[in-house]
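Let me begin by presenting the structure, written as structure tokens, before commenting on it.
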Amino acid sequence: MRIWLTVLEQEFIIYFKKWIHIIINIGFFLVSTSLFSIVAGLEPELLAQWGAGVIWVVAFLSMLLAMPLLFQPDRDDGTLDLMLLSTVDPAWLALAKAGANWCVFGLPLVLLSPLLAASYGMEGTALLVLPATLALGTPALILLATVAAALTAGLRRGVGLLALLVLPLALPVLLFGVRGTELAVDGLPAGAPLMMLGAFLFVAVGLLPWAAGAALRATAN
Amino acid sequence: MRLPNWLHKLASPPHFYRIAGRIEPWMLWSGLAAIAVGAFGGLLLAPPDYQQGDAYRIIYFHVPAAYLAMQLYALMAIGSAIGLVWRMKLAYAISAATAPVGLAFTGLALATGMLWGKPMWGAYWSWGDARLTSVLVMFFLYLGYMLLHASLEERSTADRAAGILAVVGVVNLPIIKFSVEWWSSLHQGPTISRLAAPAITWDMLWPLLVMIVGAVLFSLAVTLTRARAEVLLRERGARWVRDVVAVGA
């Protein structure tokens, strides 16, 4: 547990030293969502309908930008090999890295999403449901990404492959996230998709770090 | 847990190569014969459907393809799991050999499904439909397995990495299976069920069953052929391979 916290702390220090990545991530999220609403030029009613899908997909894409940062730098400079040689269970390592990555790249999107939802003309409970779906869904996405990132970390051009591996696995999360928000936009209860997202997150926390740990071991040099 | 002894024996590559080589032609020709009989029965002998007319006949290709798409994924994942747990190299070779066959059958299931969907549902594809989406996800999982396997240079690393992906992707199988029951879907319910009486007349059913058996045999024959080639490639330094190649057996 203490080692886990040390890894987490270290991850935060590294991420905040490279703070430009965080700004780029948030900037990408804001620019892409507003770009879509400008270019599509939709009617206000349609905009709220489309908003759920657009915000969710762009959130996924901007997190995808940061996913190679999970393991690639540590693999390149050899830190990862040293960590795998130590007594730390690689599953805990993966969990710590996923946690830090989500806090830095996922959480800001969750916090910013009500603002975007309002700009997309959403009202009432939708302004709360969208961040709720993101808060439950994005950690699950990061956990899925740790598996894919661990599998592709050794590759020279692994980013494209990482996206290709994450996308099919991430689809259920995206679908339920968007469905829940759409229900809320239409003024319907969104409990069921939220619960599905929660269930998905629990299963992801319980199983995926171990898969990622095995993947780290498998692809270690 | 230890593996049973006969499995250990089968796991020796030269033994597998020999046994598979002996079984494979039988499977291939009986499978092709069954497919011919099933196609004849399904396309010509079976009566037209009272709702769907003759368009339903694509079921004789769609159901076997979809069934195999899932079964081959299960085979690939089980092979990978055996490889990961017991470090059995042959299991990895079988997994790697299965992937392209499974991808092909998934593509066939998607294509026939789309062709069937156009006259019946009025659309080739419906986004947000659970059955269609989950099968598409499986298509991408096969593709991801193959691409990951191809991009990792060292074969043992590629086997293990792609194997983990295959095992993680198994969650998708029950989703595909039950998607029609869990969510309201455009896709019709199951035609054949193990527990209930089939919702289809015998005249229509027997060609379908023959087609499924034929497709299973055919796909296993193709997989075995690929697995034999894979084993030869992987063991190319070994003496028995040199003997096999020299004799030309």
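The values are calculated or read from the model by the stated rules, or taken from the named source; none is laboratory data. The structure displayed is predicted, hence computed values, not measured ones. As a convention, Cβ positions derive from the backbone with ideal geometry for all residues, glycine included, and neighbour counts pool all protein chains shown. Accessible surface areas use protein heavy atoms only, side chains included; no ligands, DNA or RNA. Shrake-Rupley method; radii C 1.70, N 1.55, O 1.52, S 1.80 Å.
Scanning region B:107-131 for residues that are part of a loop (DSSP other than H, G, I, E, B) and within 14 Å of chain A (Cβ to nearest Cβ) turns up B:Ser126, B:Trp127, B:Gly128, B:Asp129.
Being hydroxyl-bearing (Ser, Thr, Tyr) and assigned to a helix (DSSP H, G or I) is the filter; apply it to region B:48-84 and report the residue that is surrounded by the most Cβ atoms within 10 Å (Cβ to Cβ). Looking at residues that are hydroxyl-bearing (Ser, Thr, Tyr) and assigned to a helix (DSSP H, G or I), I get B:Ser80. The set of residues from region B:153-184 being charged (D, E, K, R), facing another protein chain (nearest Cβ under 8 Å) and open to solvent by less than 30 Å² (accessible area, probe 1.4 Å) is empty.
When A:Arg179, A:Arg217 are checked against the criterion of being within 12 Å of chain B (Cβ to nearest Cβ), open to solvent by 60 Å² or more (accessible area, probe 1.4 Å) and within 23 Å of A:Met67 (Cβ to Cβ), A:Arg217 stands alone in meeting it.
The requirement of being open to solvent by 50 Å² or more (accessible area, probe 1.4 Å) and of a type in the set (Gly, Ala, Ser) is fulfilled somewhere in region A:102-121, by at least one residue. Per the conditions (1) within 14 Å of another protein chain (Cβ to nearest Cβ); (2) farther than 21 Å from B:Leu232 by Cβ; (3) open to solvent by 30 Å² or more (accessible area, probe 1.4 Å), the sole criterion not satisfied by B:Arg87 is (2). Scanning region A:33-51 for residues being over 23 Å from A:Ala184 (Cα atoms) and among the small types (Gly, Ala, Ser) gives a total of 0.
Among the residues making up region B:11-24, those that are in contact (Cβ under 8 Å) with a residue 24 or more places away in the chain and part of a helix (DSSP H, G or I) are B:Pro13, B:Pro14, B:Phe16, B:Tyr17, B:Ala20, B:Gly21, B:Ile23, B:Glu24. Within this structure, B:Leu43 fails the test of being closer than 30 Å to B:Val171 by Cβ and open to solvent by 30 Å² or more (accessible area, probe 1.4 Å). All conditions but one from (1) in a loop (DSSP other than H, G, I, E, B); (2) of a type in the set (A, V, I, L, M); (3) within 10 Å of chain B (Cβ to nearest Cβ) apply to A:Leu188; the one that does not is (3). The set of residues in region A:146-171 being surrounded by fewer than 22 Cβ atoms within 10 Å (Cβ to Cβ), assigned to a helix (DSSP H, G or I) and either at the interface with chain B (Cβ under 7 Å from one of its Cβ atoms) or free of Cβ contacts under 8 Å to residues at least 40 places away in the same chain (or both) consists of A:Gly160, A:Leu161, A:Leu164, A:Leu167, A:Leu171. If a residue must be open to solvent by 60 Å² or more (accessible area, probe 1.4 Å) and in a loop (DSSP other than H, G, I, E, B), how many such residues does region B:209-236 contain? Qualifying residue count, region B:209-236: 1. Among residues of region B:132-152 being open to solvent by 50 Å² or more (accessible area, probe 1.4 Å) and either more than 10 Å from chain A (Cβ to nearest Cβ) or without any contact (Cβ under 8 Å) to a residue 12 or more places away in the chain (or both), the one that is farthest from B:Leu173 (Cα to Cα) is B:Ala150. Of the helices (runs of 4 or more DSSP H) lying entirely inside region A:1-88, those containing at least 3 residues that are open to solvent by 70 Å² or more (accessible area, probe 1.4 Å) span A:2-17, A:19-40, A:44-66.
A quick yes/no check of all residues on (1) under 14 Å from the mean Cα position of the chain (by Cα); (2) among the aliphatic types (A, V, I, L, M):
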{"position": "A:Phe105", "(1), (2)": "yes, no"}
{"position": "A:Ala117", "(1), (2)": "no, yes"}
{"position": "A:Val147", "(1), (2)": "yes, yes"}
{"position": "A:Leu161", "(1), (2)": "no, yes"}
{"position": "A:Leu174", "(1), (2)": "yes, yes"}
{"position": "A:Val178", "(1), (2)": "no, yes"}
{"position": "A:Leu183", "(1), (2)": "no, yes"}
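For B:Val85, the requirement of being touching a residue at least 40 places away in the same chain (Cβ under 8 Å) and within 30 Å of B:Val168 (Cα to Cα) is not met. Checking each residue in region A:184-205 for being free of Cβ contacts under 8 Å to residues at least 40 places away in the same chain and open to solvent by 40 Å² or more (accessible area, probe 1.4 Å) picks out A:Asp186, A:Leu188, A:Pro189, A:Ala192, A:Met195, A:Met196, A:Ala199, A:Phe202, A:Val203. Apart from one condition, B:Ala11 fits all of (1) modelled with pLDDT of 95 or more; (2) surrounded by 15 or more Cβ atoms within 10 Å (Cβ to Cβ); the exception is (1).
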